[in-house]
């Protein structure tokens, strides 16, 4: 058992308080959490209660960090898990946050993949998009669903090719470089062959 000797508001955030046990600082937590746990000066707190308090406090902190991150840009489940792991949170905390964010649809891999595909469909071919989605942690099932009706836009490929060939001579060496460039963007051999022939005027 430990004695709560002081509870004071934090200087920079009045919605959080510092908890002192036996005369020494123990942890900071939200005022709401302190009230929910009926924390009062000159009352005792058991080791079990303290452990639960620390766990609940970390859950709240981790969730706040996750929501703040999502306010900047969308994340996949894997990306969020990596972020929280890097912050040093335990597996139980990370699992809780991922489940809570999923419950409220703050993270949704299908939505993420759909938005991503729309944003890059004029820059990359199907192969590169699929590879990028895999690297971001999207499952094969979700990738199949999102990419089911995907087709590269021939005009977009042609525009990329024309941009690459700007101020370049149409010769065998530059055509070979263009071919490799378009393949590196994830377009299929058939798509690249068609566009290269068009550039060459065939």
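Throughout, read-outs are computed from the coordinates displayed, never taken from laboratory work. Small disclaimer: the values here were computed from a predicted structure and weren't measured. Neighbour counts run over all protein chains shown; Cβ positions are idealised from the backbone, glycine included.
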Suppose we keep just the alpha-carbon trace of the chain; what are its Rg and Dmax in angstrom? 26.9, 88
Under the definition of Cα pairs under 8 Å and six or more residues apart, what whole-number percent is the relative contact order of the chain? 14 percent
For the range 76-183, radius of gyration divided by Kirkwood radius, i.e. Rg to Rh on alpha-carbons: 1.16
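Report the equivalent ellipsoid semi-axes for the range 1-93 in whole Å, largest first, defined as the square roots of five times the eigenvalues of the gyration tensor built from alpha carbon atoms.
Gyration-tensor ellipsoid for the range 1-93: 29, 15, 10 Å.
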Computed over the range 1-95: relative contact order in percent, which uses C-alpha pairs under 8 Å that are six or more apart: 23 percent
With N denoting the number of residues in the range 1-45, provide Rg(C-alpha) divided by 2.2 N^0.38 Å, to two decimal places. 1.04
Please state, to two decimals, what the Cα-based radius of gyration of the range 48-107 comes to when divided by 2.2 N^0.38 Å (N = residues). 1.09
Highest mean first, how do 124-132, 90-98 rank when packing is the count of other Cβ atoms within 10 Å averaged over residues? 124-132, 90-98
